[in-house]
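Colleague: Pasting a structure below so you can have a look.
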Amino acid sequence: MFDLHQLRPEQDIPIYQQLVDVIVTHVKNGSLPYDTRLPTVRDLAAQLNVARGTVKRAYDELEQRGVITKVQGRGTFVCYQPASSGSAKDRAMAAIDRMLDTLEELKLSQAEIQIFLDLKLRERAFRREDLKIAVVECNPEALSQLTDQLRAAVGPAELYGHLLREVKDYPYRLGEDMDLIVTSAAHAEEIRSLISQKEKIARVALRLAPQSVAGIIKLTPGQTVGILCGSLRFGELIRGVIGTYTDDVTVRPPCLMEDAGPDALNGLSALAVPDGFERRCPAALQQQIREFGTRYPVIRCQYQVDEGSMMYLTERIDRLREKMRG
């Protein structure tokens, strides 16, 4: 019934959450149709070789999300129905009936039910004032810079940053509750192949910031440039840019900040670092860079969304907000 290969204990995502994601996917793609009886907690725990508490927690969350329902004396059943099955009104009325049955079993009066419903509706309206936006990039430097730029440009929103390799290992990181998935043009097609919510992808063009390019252009023949970075992927990107915009400049291979020793800056006459490097740079290395910067140029390298892409992105976000407000 379940694809065991989709559960990956080595991931930093709890097994119960992985199980929730797998079952939701099977339900929504039709592999587990409406009214399918699911295994008991005991049976599924034995099948997956996990603790019963793990399966129970997954079932509890699925029930809260309206994917499954537990019928006393009969078992656990899929209660989710895709949009194509029946009218929206019929499905909504059936869902309300199920909810009211549950509330009446708790011995609540109609007045109490009305109060609780009003409270929950207000709570959800307040919670959904902010958009949920996932940001995906291939290296932590560009991911951090892109996220910071979006945070400043789009106003109130919940931003979730993900490295591309993490999404490839576990596509469920891009949850179905995301309103938008922002990534660079270089990775958009790869992400499209991994997820079902292709219409939510917003692809933007990234470019090195003008002030970063200006610093690189000022490098002169004969200089020796070092690159400190948080990921070799980012370091190689900067190395390529320096090679494009300069002549007769020696560029050392990128060095990870975590591996940089006390002699890392010896022999250099210029240094390239990611903008915002202080977030992941050891204190001792920060002091070395500050001292180096009193004598030689330190180029802060920042990638940013180009103007046309940002205009497209803000317009799309405005439309989403209007739609949320009704």
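Colleague: Using the number of other C-beta atoms within 10 angstrom as an exposure proxy, rank Phe234, Phe77, Phe292 with the fewest first.
Modeller: So the ranking, lowest neighbour count to highest, is Phe77, Phe292, Phe234.
Colleague: For a bin width of 10 Å, list the pair-distance distribution of the chain built from all Cα-Cα distances, rounded to whole %.
Modeller: Binned Cα distances yield the sequence 5, 19, 23, 21, 15, 9, 6, 1, 0.
Colleague: Evaluate the relative contact order of the stretch 174-276 (contact order divided by residue number), counting alpha-carbon pairs under 8 angstrom at least 6 apart; express in whole percent.
Modeller: It comes to 26 percent, rounded to a whole number.
Colleague: For the chain, what is the relative contact order in percent, using Cα pairs closer than 8 Å and at least 6 residues apart in sequence?
Modeller: 13 percent
Colleague: Tell me which of Val213, Leu119, Leu131 sits at the most positive position along the dipole axis of the chain, charges placed on C-beta atoms (Lys, Arg +1; Asp, Glu -1).
Modeller: Leu119
Colleague: Which value, in debye to the nearest 20, gives the size of the charge dipole of the chain about its Cα centre, when Lys and Arg are +1 and Asp and Glu are -1 at the Cβ?
Modeller: 400 debye
Colleague: Which of the GluC sites (Glu not before Pro) across the stretch 157-239 are loop residues per DSSP, with 16 or fewer other Cβ within 10 Å?
Modeller: Within the stretch 157-239, the qualifying GluC sites (Glu not before Pro) (loop, at most 16 other Cβ atoms within 10 Å) are Glu176.
Colleague: Taking H as built 1.01 Å from N, whose amide H comes closer than 5 Å to the amide H of Val249, not counting residues under 5 places away?
Modeller: Gly222
Colleague: Quick one: dipole size for the stretch 248-326, taken about the Cα centre, charges +1 on Lys/Arg Cβ and -1 on Asp/Glu Cβ, in debye to the nearest 20.
Modeller: 360 debye
Colleague: Between the helical axis of 110-127 and the dominant principal axis of the chain, each derived from Cα atoms, what acute angle in degrees is found, rounded to the nearest 10?
Modeller: Roughly 10 degrees between the two axes.
Colleague: Sticking with this one: How large is the charge dipole for the stretch 210-301, taken about the Cα centre, if only the Cβ atoms of Lys, Arg (+1) and Asp, Glu (-1) carry charge, to the nearest 20 debye?
Modeller: 180 debye
Colleague: When averaged across all projection directions, what area in nm² does the alpha-carbon convex hull of the stretch 210-301 cover?
Modeller: 5.3 nm²
Colleague: Then there is this: Trypsin sites (Lys or Arg not before Pro), restricted to the stretch 245-324: which are DSSP loop and have at most 13 other Cβ atoms within 10 Å?
Modeller: For trypsin sites (Lys or Arg not before Pro) across the stretch 245-324 that sit outside H, G, I, E and B with at most 13 neighbouring Cβ atoms in 10 Å, the list reads Arg295.
Colleague: Can I ask one more? Report the Rg/Rh value for the stretch 4-85, based on alpha-carbon coordinates and the Kirkwood definition of Rh.
Modeller: My calculation puts Rg/Rh at 0.95.
Colleague: Run lengths n ≥ 4 of DSSP H only: what is the helix-derived mean residue ellipticity at 222 nm for the chain, with -39500 (n - 2.57) per run over all residues, to the nearest 500?
Modeller: When only DSSP H runs of four or more count, the value is -14500 deg cm²/dmol.
Colleague: Pairs of Cα atoms under 8 Å, at least six residues apart: use those to get the relative contact order of the stretch 4-85, whole percent.
Modeller: 32 percent
Read the figures in this text as sums done on the coordinates, not as results from a lab. What you see is a predicted model, and the numbers here were worked out from it, not measured in a lab. A quick note on method: Cβ atoms are made from the backbone with ideal geometry, for glycine too, and the neighbour counts reach across all protein chains shown.
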